[in-house]
Amino acid sequence: MPTLDQTEPTIFVIYGGTGDLTWRKLMPALYNLSLDGRLPEKFSILIVGRSAWSDAKLRLHLRKGVDQFSRRGAAKDETWRVFANHISYHQGDYKQSSAYTALAKRCAALEKDWGAPAHRIFYLATPPSLFGVIPKFLGKAGLARDRDHARLVIEKPLGYDLASAQELNTELAQHFDEKQIFRIDHYLGKETVQNILAFRFANPLFEPLWNRRYIDYLTITVAESVGVEDRGGYYDGAGALRDMIQSHLLQLFCLIAMEPVVSFEPDEVRNKKVDVLHATRPIDPNAVQASAVRGQYGPGAIRGKPVVGYREEPEIRPDSQTDTFAAVKLLVDNWRWQGVPFYLRTGKRMSRQVSEIAIQFRAAPHQPFAYDASSNWQPSRLVIAIQPDEGIVLTFQAKQPGPKMQLKPVDMRFNYRENFSEPSPDAYEALIWDVMKNDQTLSMRADQVEAAWKLVQPILDAWAKNAPDFPNYPAGSWGPDTTQRLLDPGHRWSEPIELVRAAPAPAVLSAAKNLTSKKPADTKSSAQPKKAKRPRTSA
Ligand code: BG6
């Protein structure tokens, strides 16, 4: 795997650098990387924007973002001063060649000072309408030419549908090699998501069970209690299927369903993920109802507080037909997963925030227990909690203490916060770090993006043809009732788990403890910062 040579200079150029994404996410991530001593010695951050800003105004603005959103809390004056010296503003119109020529000169001047060619990372924190434009100008100005030093970073939405995603890929390919392009999905930077790889491929215990023989079905839930917030302008043209399923949920699906990797070489991991998408049964355009459900929230209440419906949110059309909830049923046609449904669902203004993957094992083939012994009986279930709880819970049957054989489901729990004292870095720290060390393992290749669009395209087409009867779920619920129709008989959407128990459970089983190391809990130092609102990209 690539490593970062910290002696090699790097210029980190952010387009849209005065916007929300840079403010809330990119700059706090870069600042934390610098505190961890992970940035090269010769390092420059050039923030490109259209308005006239001074370096001083820019630094002040960015400091406020870092103070508010850094996982380490407010920056100390001295450390901020040292870091801020690396940041400067570069004014330029994104659609004028002269702005790119000026940028090229500026990069060349830095390299001259440093006496060595620098890695040049171009991060597009702009609206997606500029994803095809800026790379073209970068290419024309010769800024993409050095294949070993120039890199481009873009983030979803990567296209609006299959055709536009293909168009974008074709445009990018004219100026950058695939090896220079980092298409990032912030879900892949989350520790708990990366832990899926560790869990699956570092523990031979689970691999023999990871197939159709032992697994009945899986549910992947990414529920948000927030509404559309201040992103109505973007969201109303996207919807839950595009915004979440096509990207984040299909990434989780690939990580769970992929075959074991031979190594963590970027293309090895990416090939295995694309294989899953290729093996997934295409949705029948004439029977989309059997595979997908959409919803839109109406007024309701979240934790007892009344909230408005989607159509009353700012920037939303009063007759909007945009889905704020989407659920799909996927089947993977390969030896491992034949016949095992994967149910994916996501929504805004759901009962509570929870992202988790539940793996429901098959029932025991034969039960020798008396009927009354097994009245509470449930097949084993493994839940990977991604957020806000972070951990893994395995539910299985135990004998309840007493004279009779009475079964009761109990849990084995692994909780990140109890087992690791250090706080998890933010997803953007991991992703930016990967870009800097030129490691594409977690970034998406063009073919993966297209394969994901291909999978959801029949649903988009079918939904575009029929007007839905919206709103069809109240804010604060678990989505429309029709979601049940996706489930095969006997299957159910998994109830979200509570990783942190309110009170210690009775000592039913000594085994019902953490699965891993017994480090003392350090909940204080592992406290997570408050969840930041989802940033907006800016022009
Ligand atoms: C973004 C979506 O990609 O992910 C948002 O555009 C969504 O609509 C967000 O809120 C969820 O991310 P997280 O990390 O808060 O789960």
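The relative contact order of the chain, computed from alpha carbon pairs under 8 Å that lie at least 6 residues apart in sequence, is 20 percent.
Using only alpha carbon pairs under 8 Å that are at least six residues apart, calculate the relative contact order of segment 152-233 and give it in whole percent.
Working: 29 pairs, mean separation 20.3, N = 82.
Reported as a whole number, the value is 25 percent.
Computed extension gain for residue 286 through residue 364, at 0.36 nm per residue and net of the alpha carbon distance, reaches 24.4 nm.
With each label modelled as a point 7 angstrom along the Cα→C-beta vector, the residue 76-residue 371 pair spans 7.0 nm.
Each residue of segment 168-176 was assigned a 3J(HN,Hα) from its phi angle through the Karplus curve 6.51 cos²θ - 1.76 cosθ + 1.60 (θ = phi - 60°); the sequence is 4, 4, 5, 4, 4, 5, 6, 10, 10 Hz, with glycine and proline shown as x. Quick check on segment 408-504: take the gyration tensor over C-alpha atoms, sort the square-rooted eigenvalues as a ≥ b ≥ c, and tell me if it's rounded (a/c under 1.5), prolate or oblate. Because a/c hits 1.5 or more and a/b fails to exceed b/c, segment 408-504 counts as oblate.
Semi-axes of the equivalent ellipsoid for segment 40-80, computed as √(5λ) from the eigenvalues of its C-alpha gyration tensor and ordered from largest down, come to 20, 15, 9 Å.
Of the chymotrypsin sites (Phe, Trp or Tyr not before Pro) found in segment 327-421, those that fall in a DSSP loop while having at most 12 other beta-carbon atoms within 10 Å are 335.
Full extension of the chain segment joining residue 67 with residue 213 gains 47.5 nm, where the gain is 0.36 nm per residue of separation less the Cα-Cα distance.
Is the C-alpha gyration tensor of segment 320-407 telling us rounded, prolate or oblate? Criteria: a/c under 1.5 is rounded; beyond that, a/b larger than b/c is prolate, otherwise oblate. In terms of gyration-tensor shape, prolate.
Measuring nothing but how far apart in sequence close Cα pairs (under 8 Å, 6+ apart) lie, relative to its length, segment 1-107 scores a relative contact order of 31 percent.
Amide H to amide H, with H built 1.01 Å from N, residue 380 comes under 5 Å of 361, counting only residues 5 or more places away or on other chains.
Between residue 203 and residue 108, residue separation times 0.36 nm minus the direct Cα-Cα distance comes to 29.3 nm. Counting only DSSP H runs of at least 4 residues, each contributing -39500 (n - 2.57), and dividing by the residue count of the chain, the helix-based mean residue ellipticity at 222 nm comes to -8000 deg cm²/dmol.
What the Cα atoms of the chain give is an Rg and a Dmax of 24.4, 85 Å.
Mind checking the per residue accessible area of the chain for me, 1.4 Å probe, whole number of Å²?
Per residue, the chain has an accessible area of 44 Å².
Counting only protein heavy atoms and a 1.4 Å probe, tell me what percentage of the chain's accessible area is made up of carbon and sulfur. That share works out to 53 percent. Computed about the Cα centre, the dipole magnitude for segment 399-505 is approximately 640 debye when only Lys and Arg (+1) and Asp and Glu (-1) carry charge, each at its Cβ. With no solvent and one point on each alpha carbon, what is the Debye value of log10 I(q)/I(0) for segment 328-475 at q = 0.13, 0.16, 0.21 Å⁻¹? For the requested q values the scattering log ratios are -1.03, -1.27, -1.37.
The values are calculated or read from the model by the stated rules, or taken from the named source; none is laboratory data. Just so we're clear, the structure is a prediction, and the values are computed from it rather than from any experiment. Don't worry about glycine lacking a Cβ; one is built from the backbone with ideal geometry, like all the others, and counts go over all protein chains shown. Each accessible area value is taken on the protein alone, full model and side chains, heavy atoms only, with ligands, DNA and RNA left out. Shrake-Rupley method; radii C 1.70, N 1.55, O 1.52, S 1.80 Å.
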